[in-house]
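The values are calculated or read from the model by the stated rules, or taken from the named source; none is laboratory data. The structure displayed is predicted, hence computed values, not measured ones. Don't worry about glycine lacking a Cβ; one is built from the backbone with ideal geometry, like all the others, and counts go over all protein chains shown. Please note that ligands, DNA and RNA were not included when accessible areas were found on the heavy atoms of the full protein model with its side chains. Shrake-Rupley method; radii C 1.70, N 1.55, O 1.52, S 1.80 Å.
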Amino acid sequence: MKRKLIFIFFVLLIGGNLSGEENNCIKCHMELEDELKAPAILFENDIHREYGLKCNDCHGGNPSVEDIDLAKDKTFKGAPPRNQIPEFCGSCHSNPNYMRKYNPSLRVDQLSLYWTSQHGKLLRKGDTKVAVCSDCHGVHGIRKAINPKSKTFPWNIPSTCGNCHSNKELMKEYGIPANQEKDYRESVHAKALYEKKDLSAPVCNDCHGNHGALPPELTSIAYVCRQCHLSSSELFSSSPHKTAFDELGLSECEACHGNHKILPPTDEMLGIGEKAVCIKCHEVDSKPYNIAKLLKQKLNNYLNRIDLAETLLDKAQKSGVEVSEPRFKLREVNTILIQVRDLIHGLNIKEIEEKLKNGNKLLDEIIEAGNSALKEVKFRRKGLIITLIFIFILAIALLLKIRQISKK
Amino acid sequence: MKTFWEKIWLYFDYRFKISDLAQLTKKKKVPEHKYSFWYYFGGICLFLFIIQVITGILLLLYYTPSADSAFESIQYIMSQVKFGWLIRSVHSWSANLLIGAIFIHMFSTFFLRAYRPPRELTWVTGFFLLLIFLAFGFTGYLLPWNKLAFFATRVGTDIVGIVPIIGEKLKTFLLGGKVISNATLPRFFWIHVAVLPFITVLILGVHLLLVQTLGMSTPIGLSDREVKEIPFFPNFVLKDFLAWILILGLIGILCVFFPWEIGEKADPFASAPPGIKPEWYFTFMFTTLKIIPSKILFIEGEKLALFGFFIGGLFWLLIPFLDKKAQKEEKSKLFFIIGLLILIYIIVMTLVTYFFPKL
């Protein structure tokens, strides 16, 4: 009897503990409909749940009891109003001691950065239409930024920001255009991100910041671009354009390359042609105009010679001549081309000419190798014709001889 | 008074009995009939083998049998060595023509029943020569160490690994390890230039000796009126020579207009290019292994196919001993149909490999 009682005691104890593990918030909300059910479903994949947090860790209350009135005890906070969401999330995320327990490497300055952002500033002024944490990270279904399903995963960010910034009605109130996302999706950066799956390609937050998002100032645009395009930016800073742009209040990189719709740069941007950016500022026959014209001519000449070299090598290769060595040199020529295109940002004519000289020297060797290879093709064919004539004569002679001896 | 050249002739004739040999050659006769055309493929095979030996020796001057530099040495041969492109292209093209000529020679011998007594051993040695030249092709294909050859060899050696009991050990022996590595190339080179030539010389010697001793067979059922005899020298030799120079012309055209490509250097860490397949002469086996179901009853499909090839090969080897009718100078319809089916199978499967690669 005593043993039986001990057994029942343990069963009750374990049962009690199990019921304590049960999350009655989820249980009840799953039985509700639409927006009251959604949090329970979304929370299944939430990062907070993965770390063992429960509803009450944010919303208060007691999830271990089934009775709704008892569950909503005095600690219950419910859903915060929009203007309180940053502080609501920040209560944990700005607390280094608390965050250290779960993710010691996670930054804890998101809230303070948020208050410096345009979103935060406007929220403080009472504008509740601006983005708060949940607009970018989602509610209840929050995932780590490295999860491709996360709203803050690189290839989802343009859509996340575009949710508001592509809304013409909403943006009208702030006097800002709503075409940034569309423009971005046509840019060279979007091509790298979506076509080449290059996750290091910049998205909205890489240039504007994330929690402290602001439009970059005129003077800081070059510094934003410099994060990735170090060489071109440094060259630009040392160029005569730097001072001129500063004086004219032009926004450095953006003045020639645009902002959201940054298209793949082409050689047409240089020179005096229709698509050239130089003629936007420089007058016809001015000194800089003539420099642009000269540089374009030199670059065109170099490009034409690369085309010629490639054609020669292709032709020789198709005819079966081994041209891997000149092909290897051609790679060096192309490297020089990339360097020259970069050097154009610094406008150091002497340096550009020196590079082109080296490249042209290599091109001389390649073109010569290509011509020799084509000569070799001719030589082989001539040799074959002579050999075939010899074989033909020998075959006829043999046939005649065979006939002659066969008759005998 | 004897001239200088007569003295030289006498010196060697005394020692090598050349006049006796010349006398024998003059007496030697070869049958000529409506199927004589097929006889010349034996001579073509010999000619192509001689080309292989000469060009192979020349390639050895510059080829480096190491995974680090094999590809570069071929590049060097093709671009820097005077006529290196020609030597390498001739070696590669004539290797393929040789395998083709061996197949034609073998099937013509089969359909003309030239294997019947006393020529059973000529057939047997010929069968082994086919296997040896297939091995030459397999080992030689890897030597340039290019991407296609690398992955095709991987497919080939994986097939070897399927063979029950000895498969894995044989594969390890061939590769010099569990997978194709830097150790594989010198091993294939050793087989290609030392082991196989040695065995070839022995078997080819016996094959040629048998051909010369027994003479050429006359197809069953030809009347005396339909068969005449022509002297081996000069009549047959001149015809053989004519075939050889025509083949030489063909090789020249192929080498100039379609020089053998080098491809890209093999990268063991790269993924296999799509549609990888072995050399054409292995494709009928490759496609069979590819399309066979993974399980047939309780046996693995691939193992069953390999067993089938083994049994087929054994049957083909023993044909002179199995075809009892041919032994009695009679034509066997059954063996004709079997031979025809095998030929059709090889041709169809080879064509399937190239025209339906996604099968």
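Structure values in brief
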| read-out | value |
| --- | --- |
| Of every Cα-Cα pair in chain B, the percent that sits beyond 38 Å | 26 percent |
| Long-range amide H partners of B:E32 with built H, under 5 Å | B:K228, B:E229, B:I230 |
| Distance from the range B:156-224 to the range B:76-136 (C-alpha centre basis), Å | 12 Å |
| Above-threshold pairs, the threshold being 31 Å between Cα atoms, out of A:K149/B:K265; B:K17/B:K328; A:K191/A:K280; B:K228/B:K331; B:K7/B:K82 | A:K149/B:K265; B:K17/B:K328; B:K7/B:K82 |
| Degrees separating the helix A:324-343 axis from the principal Cα axis of chain A, which is the longest one | 60 degrees |
| Peptides B:148-156, B:161-169 ordered by average Cβ neighbours within 10 Å, highest first | B:148-156, B:161-169 |
| Cα-based helix-to-principal-axis angle, A:349-407 vs chain A, degrees rounded to 10 | 60 degrees |
| Pair A:K375, A:S238: separation of 7 Å Cα→Cβ label points (nm) | 4.2 nm |
| Chains A and B, summed buried accessible surface - 1.4 Å probe, Å², nearest 100 | 1800 Å² |
| Value at 222 nm in deg cm²/dmol, rounded to 500, when DSSP H runs of n ≥ 4 in the protein assembly as shown each add -39,500 (n - 2.57) | -20000 deg cm²/dmol |
| Protein-protein interface of the range B:63-95, residues with accessible area decrease of at least 50 Å², isolated chain reference, 1.4 Å probe | B:W85 |
| Chain B: DSSP helices with Cα axial extent of at least 15 Å and average Kyte-Doolittle hydropathy no lower than 1.6 | B:40-60, B:120-142, B:196-214, B:237-257, B:333-355 |
| Distance in nm between pseudo-label sites at A:N167 and B:L238 (7 Å out along the Cβ direction from Cα) | 10.0 nm |
| Percentage relative contact order, chain B, counting C-alpha pairs under 8 Å, at least six apart | 26 percent |
| Helix A:287-318 vs. chain A, principal-axis angle (Cα, 0 to 90°, nearest 10) | 70 degrees |
